[in-house]
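Engineer: Here it is, the structure in full.
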Amino acid sequence: MSASTLFPSLFRSKAKANDDLFAAVAALEASGNKEALHAAIRVLNHVYVVDRIFRAHLIGEAHGYTATNTTETPTLAALRKVVRETDDWYVDYASKAGSGELEREIRFLFTDGKQGRMSREEILAHVVTHGGYHRGAVGRILDQHSAARPPDGLTNFLHSTEPGRRVA
């Protein structure tokens, strides 16, 4: 497996994990626990902002963020919509990027004003692992409030989308 085949799978897995997690957080929202809901949305919004910052770096555009989260907290529904759009963008980007493009380095500014330099595949790896780390943090919030935490792992994704990989 090469980076050009691995990354599309990782981003499809990330999108599925995000969909499942947003559904679980919606159940938390329905429970009326505003403090836990707010904490979960803040974490999810941070992931979204970082995803958008690195998307901008990948396409050579300004992102307009001065921090890795926003001052305002979006509604869960509004955030879910833009996260899904961003996930779709990453799946598409990862599916179309060739190995030569993935190896190319990009120079950019972090939100703290310091310069950075990463290859496109390092950026994609960062976006995938960063999202997984923070989905775990939201999972912990769900655990603390007795809400169901969805499975979040590449094996779960692969076995649900390609059942033939599971040996009986």
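Engineer: Give me the number: length gained by fully extending Ala23 to Thr73, i.e. 0.36 nm times residue separation minus the C-alpha to C-alpha distance, one decimal in nm. Provide the component values of the computation, followed by the final result.
Structural biologist: Details: separation 50, 0.36 × 50 = 18.00 nm, distance 1.81 nm.
Extra length available between Ala23 and Thr73 comes to 16.2 nm.
Engineer: What does the extension gain come out to for Ile59 and Phe108, with contour length at 0.36 nm per residue minus their alpha carbon separation?
Structural biologist: Details: separation 49, 0.36 × 49 = 17.64 nm, distance 1.12 nm.
Length gained between Ile59 and Phe108: 16.5 nm.
Engineer: Sticking with this one: Just to confirm the filter: which trypsin sites (Lys or Arg not before Pro) across segment 47-129 are DSSP coil and have at most 13 other Cβ within 10 angstrom of their Cβ?
Structural biologist: When the trypsin sites (Lys or Arg not before Pro) of segment 47-129 are filtered for loop state and at most 13 Cβ neighbours within 10 Å, Arg104, Lys114 remain.
Engineer: Right, here's the next one. Pull up all non-local amide H partners of Met118: gap of 5 or more, or a different chain, and H-to-H distance under 5 Å with H placed in the peptide plane.
Structural biologist: HN-HN under 5 Å from Met118: Ile106.
Engineer: Roughly how many whole Å is it from the C-alpha centroid of segment 1-57 to that of segment 99-132?
Structural biologist: Value for the Cα centre distance between the two parts: 19 Å.
Engineer: Could you go through segment 126-132 in sequence order and give the Karplus-derived ³J(HN,Hα) for each residue, using 6.51 cos²θ - 1.76 cosθ + 1.60 with θ = phi - 60°, rounded to whole Hz, and x for Gly and Pro?
Structural biologist: With coefficients 6.51, -1.76 and 1.60, one gets 4, 4, 5, 6, 4, x, x Hz.
Engineer: Now for a separate question. Where does each of Tyr133, Tyr48, Tyr93, Tyr65 land when they are ranked from fewest to most other beta-carbon atoms within 10 angstrom?
Structural biologist: Placing the least packed residue first, the sequence is Tyr133, Tyr65, Tyr93, Tyr48.
Engineer: For the chain, what is the calculated [θ] at 222 nm in deg cm²/dmol (nearest 500), taking -39500 (n - 2.57) for each run of four or more DSSP H residues and dividing by its residue count? Show your work: numbers first, answer last.
Structural biologist: Details: 6 runs with 114 residues, N = 168.
Only helices count here, giving -23000 deg cm²/dmol.
Engineer: Counting Lys and Arg as +1 and Asp and Glu as -1, what is the net charge of the other residues whose Cβ lies under 11 Å from the Cβ of Leu21? List each step's numbers first, then the result.
Structural biologist: Details: positive: Lys14, Lys16, Arg80, Arg135, Arg149; negative: Asp19, Asp20, Asp152.
Around Leu21, the surrounding residues sum to +2.
Laboratory data are not the source of any read-out in this text; all were calculated from the coordinates shown. Everything numeric in this text was worked out from a predicted model, so none of it was measured. Because the Cβ atoms are built from the backbone with ideal geometry, glycine has one as well, and the counts that use them run over all protein chains shown.
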